[in-house]
Amino acid sequence: MERLAATLRAAGHLTPAWEPAFRAARRDLFATDVIWFPRDETAVPLTLQPCDRNSEPKLWSDRVWSVGPVNIQVDDGDPRGPEGSGTGATSGISNALLVFDMLHLLDVRPGQRCLEIGAGAGWNAGLLAARLGDENVVTIDVDPTVADIARANLAQAGLAPLVLTGDGALGHPKGAPYHRVIATCGSRQLPYAWVEQTRPGGVIVAPISFTWRPLTYVARLEVDDSGVASGAFRLPCEFMSLRSQRVFHRELSELLGDQADVEMPGARTMLDPVAVYQQEVLAIYLSAAVPGVEIYHDESDGTVHLGTWQEAPGQGSYALITGCADENGPWTVHQWGPRKLWDETVAAHRFWEEQGFPDYGRFGLTVASPTDHRIWFDAPDGPSWPLPPLASRH
Ligand SMILES: C[S@@+](CC[C@H](N)C(=O)[O-])C[C@H]1O[C@@H](n2cnc3c(N)ncnc32)[C@H](O)[C@@H]1O
């Protein structure tokens, strides 16, 4: 515990105000006997292996007291990898630096009521309950097994915030209004219920994930007295998604239908597609400015692919950009479907270039109603682009 405390203190994360909560909600009390992590970080594909506290106590303890995430569940509780391994983490304790980064953004004060979405192992709810009092903290997890684990872990630490099982996207209206709402799973559309359940002047800290690339940035939104939440992106992070907002992809042939067989003439482009892919901040801006499009770079052959992968079958659009003899271009573009995705990207990219390649902190999000979500630049009343509603499976 002291090693983790020292690391967090040195990074400015563990402040005197949080010290007592850090000691009350001891991180090891929130880790299950079996935790999951990759034994070989370089393996492709990466798989997560179990580590049992009883058979490997030192390894277990080293993981739990490191800053890294501690996964308590993989593949929704049904490991799908080879030899009992997991292919993806679906619940756990988040990275300790990120937990405290987000708590600092949340900026809680004694007496405030707080709603957390995504109880996981219960550590963050434990920290909040130790700081604000059990009666002021509500946490929700969609997975009943996980919610039971969180309740048991919190009880072990002598803490008893309200732990609910259910879809956190609905919040918990009975406990509203809250001064603070914190989500510990990513949403591609911030559920408006969270805004409605936050007091005017209250704060929502939530990881927002994007269509353009599967990247997540934490936003800090303040809610005004007309039910509008607005604020800038504050830090990049990695979070699992709200279960109801997980992304699905169609096969290219299904996406394009009959158009898949049409030969498209190649055009030339001077905008480097790999550079466009690599600029992570563009995930925020282009998810709104080129709505519904996802970019992918195939490192094996240097190609870049753009698609509206969630469009109805036969109605999708797709662009393929292939490499060139020298790295300064031109590149060759083939585009299928009703939208010319690369042309849209080039046009939208111009704005970002004209602004001098701004970083994520200059972009923000305003949520004004269940359907009115906008990404803005520099200020809520600056240039802005509507975030498209989530596609549902057709
Ligand atoms: C990274 S874990 C939470 C970490 C945790 N708060 C901690 O103390 O560090 C994310 C959790 O979000 C939960 N989750 C996903 N979708 C949800 C939803 N729609 N409602 C509530 N919880 C959800 C998952 O089951 C998972 O347990």
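Is there a residue in the stretch 294-301 that is of a type outside the set (D, E, K, R), within 30 Å of Thr366 (Cβ to Cβ) and either surrounded by 15 or more Cβ atoms within 10 Å (Cβ to Cβ) or under 29 Å from the mean Cα position of the chain (by Cα) (or both)? Within the stretch 294-301 (the criterion being of a type outside the set (D, E, K, R), within 30 Å of Thr366 (Cβ to Cβ) and either surrounded by 15 or more Cβ atoms within 10 Å (Cβ to Cβ) or under 29 Å from the mean Cα position of the chain (by Cα) (or both)), the answer is yes, since at least one residue qualifies.
The listed residues are Arg250, Arg268, Arg234, and the only one of them that is at pLDDT 75 or above, closer than 30 Å to Asn71 by Cα, of a type outside the set (Gly, Ala, Ser) and not in a helix (DSSP H, G or I) turns out to be Arg234. As a summary of the residue check, Ile149 satisfies the conditions (1) under 21 Å from the mean Cα position of the chain (by Cα); (2) closer than 23 Å to Leu4 by Cβ; (3) of a type outside the set (Phe, Trp, Tyr) except for the one numbered (1). Ala121 - would you say it is of a type outside the set (D, E, K, R), within 13 Å of the ligand (Cβ to nearest atom) and within 16 Å of Ile72 (Cβ to Cβ)? Taking the combined requirement at face value, the residue satisfies it.
Okay, residues lined up against (1) in contact with a Phe, Trp or Tyr (Cβ under 7 Å, 6 or more places away or on another chain); (2) crowded, with 21+ Cβ neighbours inside 10 Å:
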position	(1), (2)
Asn54	no, no
Ser85	no, no
Ala96	no, yes
His104	no, no
Gly111	no, no
Gly118	no, yes
Ala121	yes, yes
Gly126	yes, yes
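Checking the structure you have, find out if any residue of the stretch 71-79 is assigned to a helix (DSSP H, G or I), in contact with a helix residue (DSSP H, G or I) (Cβ under 9 Å, 6 or more places away or on another chain) and either under 18 Å from Gly120 (Cα atoms) or of a type in the set (S, T, N, Q) (or both). Please lay out each step first, then the result.
From the stretch 71-79, those assigned to a helix (DSSP H, G or I) are 75-77; that's our starting set.
Applying the additional criterion that residues be in contact with a helix residue (DSSP H, G or I) (Cβ under 9 Å, 6 or more places away or on another chain) yields 76-77.
Narrowing the set further to residues that are either under 18 Å from Gly120 (Cα atoms) or of a type in the set (S, T, N, Q) (or both) leaves 76-77.
Within the stretch 71-79 (the criterion being assigned to a helix (DSSP H, G or I), in contact with a helix residue (DSSP H, G or I) (Cβ under 9 Å, 6 or more places away or on another chain) and either under 18 Å from Gly120 (Cα atoms) or of a type in the set (S, T, N, Q) (or both)), the answer is yes, since at least one residue qualifies.
For the stretch 191-231, the set of residues classified as closer than 18 Å to Ala289 by Cα, of a type in the set (S, T, N, Q) and in a loop (DSSP other than H, G, I, E, B) consists of Thr211 only. Mind listing just one residue for me: the one in the stretch 85-118 that is assigned to a helix (DSSP H, G or I) and aliphatic (A, V, I, L, M) and, of those, nearest to the ligand (Cβ to nearest atom)? Among those that are assigned to a helix (DSSP H, G or I) and aliphatic (A, V, I, L, M), it is Val99. A single entry from Ala155, Ala160 fulfils the requirement of being at negative phi, of a type in the set (A, V, I, L, M, F, W, C), modelled with pLDDT of 95 or more and part of a helix (DSSP H, G or I): Ala155.
Identify all residues within the stretch 163-190 that are in a loop (DSSP other than H, G, I, E, B), surrounded by 21 or more Cβ atoms within 10 Å (Cβ to Cβ) and within 9 Å of the ligand (Cβ to nearest atom); write none if there are none. Spell out the reasoning first.
Within the stretch 163-190, the first condition is being in a loop (DSSP other than H, G, I, E, B), and the residues that meet it are 166-167, 171-172, 176-177, 184-185, 188-190.
From the residues that got through so far, the ones that are surrounded by 21 or more Cβ atoms within 10 Å (Cβ to Cβ) too are 171, 184-185, 188, 190.
Listed by number, the residues that qualify are Thr184, Cys185.
Taken over the stretch 124-151, the criterion of being assigned to a helix (DSSP H, G or I), within 15 Å of Met102 (Cβ to Cβ), within 12 Å of the ligand (Cβ to nearest atom) and of a type outside the set (A, V, I, L, M, F, W, C) is satisfied by Asn124, Gly126.
Rundown of residues vs (1) within 13 Å of the ligand (Cβ to nearest atom); (2) touching a strand residue (DSSP E or B) at 6+ places or on another chain (Cβ under 6 Å); (3) part of a helix (DSSP H, G or I), yes/no style:
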site	(1), (2), (3)
Gly12	no, no, no
Pro16	no, no, no
Thr32	yes, yes, no
Cys51	no, yes, no
Asp62	no, no, yes
Glu83	no, no, yes
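Give me the pairs: first residue in the stretch 107-122 and in contact (Cβ under 8 Å) with a residue 40 or more places away in the chain, second residue part of a loop (DSSP other than H, G, I, E, B) and near the ligand (Cβ under 6 Å from one of its atoms), beta-carbon distance under 6 Å, and six or more apart or on different chains, which are they? If the second residue must be part of a loop (DSSP other than H, G, I, E, B) and near the ligand (Cβ under 6 Å from one of its atoms), the pairs left are Gly118/Thr184; Gly118/Cys185.
The values are calculated or read from the model by the stated rules, or taken from the named source; none is laboratory data. Since the model is a prediction, treat every value here as computed from it, not as a measurement. With ideal geometry, Cβ positions are generated from the backbone for all residues, glycine too; neighbour counts draw on all protein chains shown.
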